[in-house]
1. Does Val85 fit the bill of being in contact with a strand residue (DSSP E or B) (Cβ under 7 Å, 6 or more places away or on another chain), surrounded by fewer than 16 Cβ atoms within 10 Å (Cβ to Cβ) and either in contact (Cβ under 8 Å) with a residue 60 or more places away in the chain or not in a strand (DSSP E or B) (or both)?
2. Being within 13 Å of Leu22 (Cβ to Cβ), modelled with pLDDT of 90 or more and open to solvent by 60 Å² or more (accessible area, probe 1.4 Å) is the filter here, so list the residues in region 96-124 that pass it.
3. Within region 20-32, is there a residue that is in a loop (DSSP other than H, G, I, E, B) and free of Cβ contacts under 8 Å to residues at least 40 places away in the same chain?
4. In region 11-53, which residue that is of a type in the set (Val, Ile, Thr) and surrounded by fewer than 17 Cβ atoms within 10 Å (Cβ to Cβ) is modelled with the lowest pLDDT?
Amino acid sequence: MSNTNKMVVVVKGLILNEGKVLMVKRSHDDEIGGGTWECPGGKIKFGEDLEAALVREVKEEVGLNVTVEKILYATTFKTNPARQVVTLTYLCSAKNNNVVLSEEHSDYLWAAKDQLKSLRNNVFSLLISE
């Protein structure tokens, strides 16, 4: 009997440039989380280094070259009873803010601290709570 459970590892980048954080909005027709704001990133490929996967995903999604600084936050959750996602969020820096979105996202925002609070992203609420 084969195992039907699936584990997915996702890397996300909290990308800083000139004191602001890059947020991207998932396309509205996205099956999971359509229309919600998130940090750029995505799934790692089998055998891929975590940080290399993040650099690749950020380049594919927003066209930026980033430097991965350090891990900030890790969490796990189930999207259904047989699928678990592990998300690792890293602090990253970008030398420019010239975003070129892929089709996965419909909008982006270089957000200041007060804007991050209003987006109510759980990663940011932990990082910037007063």
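1. no
2. Within region 96-124, Asn96, Asn97, Asn98, Val100, Asp107, Tyr108 qualify.
3. Within region 20-32, one or more residues are in a loop (DSSP other than H, G, I, E, B) and free of Cβ contacts under 8 Å to residues at least 40 places away in the same chain.
4. Per the stated criteria, the residue is Ile32.
Residue-wise test of (1) touching a strand residue (DSSP E or B) at 6+ places or on another chain (Cβ under 6 Å); (2) closer than 16 Å to Val8 by Cα.
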site: Phe46; (1), (2): no, yes
site: Lys59; (1), (2): no, no
site: Tyr73; (1), (2): yes, no
site: Cys92; (1), (2): yes, no
site: Ala111; (1), (2): yes, no
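The values are calculated or read from the model by the stated rules, or taken from the named source; none is laboratory data. Predicted, not measured: the structure shown is a model, and the values here were computed from it. Don't worry about glycine lacking a Cβ; one is built from the backbone with ideal geometry, like all the others, and counts go over all protein chains shown. Note: areas computed on protein heavy atoms with side chains; ligands, DNA, RNA excluded. Shrake-Rupley method; radii C 1.70, N 1.55, O 1.52, S 1.80 Å.
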